[in-house]
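The values are calculated or read from the model by the stated rules, or taken from the named source; none is laboratory data. Only a predicted model underlies this, so the values are computations on that prediction, with no experimental measurement involved. Every residue, glycine as well, gets a Cβ built from its backbone with ideal geometry; the counts of neighbours run over all protein chains shown.
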Amino acid sequence: MFMEIWERPSARRSLFFILIYLSLLSIDFSSFYDESTNFIFGVTAQIELTRSLIAAGIVLNFVLISRLPKRIQLYVTWAELLILFLYFFYSFDLSYKYIWERLPHLLGFGLKNGFLMGTALTLFMCVISIAASTILALVAALARLSNNGIALGIATFYISFFRGTPLILQILLIYIGLPQIGIILNPIPAAIIALSLCYGAYMAEIFRAGIQAIPAGQGEAARALGLKDGQIMRLVILPQAIRLIIPPTGNQFIAMLKDSALVATLGAWELMYMARLHGRAEFKNMEMMITAALIYWMLSMSMEYFQAKIERKFGKGIDVNSV
């Protein structure tokens, strides 16, 4: 009975209207009305009418967009959400002149004591960390799959610790803890090591799952042809597993980009540190935080774009049952 009712478009629209109306109850519209605007209805009635009209407008907007071609729906939805997003920022009464003046510093157009800063430093740390974590992940994954108990023990201990503790704690342990045993690191090398170790642990499980997803018959057939274990892994298993590994690995790289903001706690002049520094200088914290958020968003979308290109090149996946 319920499914029959749900299949009716009018029932779904009515439910959406109710849900949107209920969500609007959390918004205080009383500031838009006072007794001077009370021509016919009372203030309470006008507020409820406003909520109803907004809910009806949102439902009507969904209905109209749903009648467009799929790609047009995508573009229109993005445009509407972007307009709402920009209006949300506009409501903060930001100083756009200040943002424009400080933007080059946040992007890293310059050097600090002869080294990178801002977004340029963030990208530098992420590129190095991505390369190092990929190597660590592959080594740890192969150790997890090996028959050597020592290698298995080291790999499982490493993965368990770095997946089981917060990244900020790992950064502090490396930066503050290593000097206790005589190893002194600057903030940037400490951050790169922490990011590499942390995401190498997560990616190791992705690599392991991708390798194990390839049917055992592939290795047995290659072994029957006289290939050694190293050749089987390099020439047979990994080329097929990479198709399964790329999508979740790309997500880890995007997460690493955002988590690099934690490096600001060490005083490294990366994007988040620069945003906080310039925000405190003239009490323009909101301007700098929003600018930094948009820069992170643009960088993430760029990584998503390249991830999609790589996925199309290698294939989004394989049907292991047909291998």
In the stretch 260-319, which residues are under 19 Å from the mean Cα position of the chain (by Cα) and among the polar types (S, T, N, Q)?
Ser260, Thr291, Ser300, Ser302, Gln307
Among the residues of the stretch 88-111, which ones are at pLDDT 85 or above and part of a helix (DSSP H, G or I)?
Tyr96, Lys97, Tyr98, Ile99, Trp100, Glu101, Arg102, Leu103, Pro104, His105, Leu106, Leu107
Would you confirm whether any residue within the stretch 84-102 is outside the structural domain of Lys258 (by TED's automatic domain parsing), within 24 Å of the chain's Cα centre (by Cα) and at positive phi?
no
If a residue must be among the aliphatic types (A, V, I, L, M) and part of a loop (DSSP other than H, G, I, E, B), how many such residues does the stretch 216-244 contain?
2
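Where residues in the stretch 260-283 are of a type outside the set (A, V, I, L, M, F, W, C) and crowded, with 19+ Cβ neighbours inside 10 Å, which of them is farthest from Leu103 (Cα to Cα)?
Initially, the stretch 260-283 is screened for residues of a type outside the set (A, V, I, L, M, F, W, C), giving 260, 265, 267, 270, 273, 276, 278-280, 282.
From what's left, crowded, with 19+ Cβ neighbours inside 10 Å: 260, 270, 273, 278-279.
Numbers: Ser260: 19, Glu270: 13, Tyr273: 13, His278: 10, Gly279: 12 Å.
Restricting to residues being of a type outside the set (A, V, I, L, M, F, W, C) and crowded, with 19+ Cβ neighbours inside 10 Å, the top hit is Ser260.
For the stretch 59-74, which residues satisfy the criterion of being assigned to a loop (DSSP other than H, G, I, E, B) and either under 17 Å from Arg13 (Cα atoms) or touching a strand residue (DSSP E or B) at 6+ places or on another chain (Cβ under 9 Å) (or both)? Let's see the steps before the verdict.
Step one: filter the stretch 59-74 for residues assigned to a loop (DSSP other than H, G, I, E, B), giving 67-69.
Listed by number, the list holds a single entry, Arg67.
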Members of the stretch 10-44 that are out of contact with any helix residue (DSSP H, G or I) (no Cβ under 6 Å at 6 or more places or on another chain) and either modelled with pLDDT of 75 or more or surrounded by 14 or more Cβ atoms within 10 Å (Cβ to Cβ) (or both):
Ser10, Arg12, Ser14, Leu15, Ile18, Leu19, Leu22, Ser23, Leu25, Ser26, Ile27, Val43
Name, by its number, the condition in (1) buried (at least 20 other Cβ atoms within 10 Å of the Cβ); (2) not in a helix (DSSP H, G or I) that does not hold for Leu121.
(2)
Pairs needed: first member in the stretch 132-160, on the phi < 0 side of the Ramachandran plot; second member anywhere, assigned to a loop (DSSP other than H, G, I, E, B); C-beta distance under 9 Å; at least 6 residues apart or different chains.
Leu152/Ser146; Ala155/Ser146
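Filtering the stretch 180-215 down to residues that are part of a loop (DSSP other than H, G, I, E, B) and in contact (Cβ under 8 Å) with a residue 24 or more places away in the chain, which residue is surrounded by the most Cβ atoms within 10 Å (Cβ to Cβ)? Write out each step before concluding.
From the stretch 180-215, those part of a loop (DSSP other than H, G, I, E, B) are 182-186, 213-215; that's our starting set.
Going one step further and asking which of them are in contact (Cβ under 8 Å) with a residue 24 or more places away in the chain, we end up with 213-215.
Numbers: Ala213: 17, Ile214: 20, Pro215: 14.
Among them, the one singled out is Ile214.
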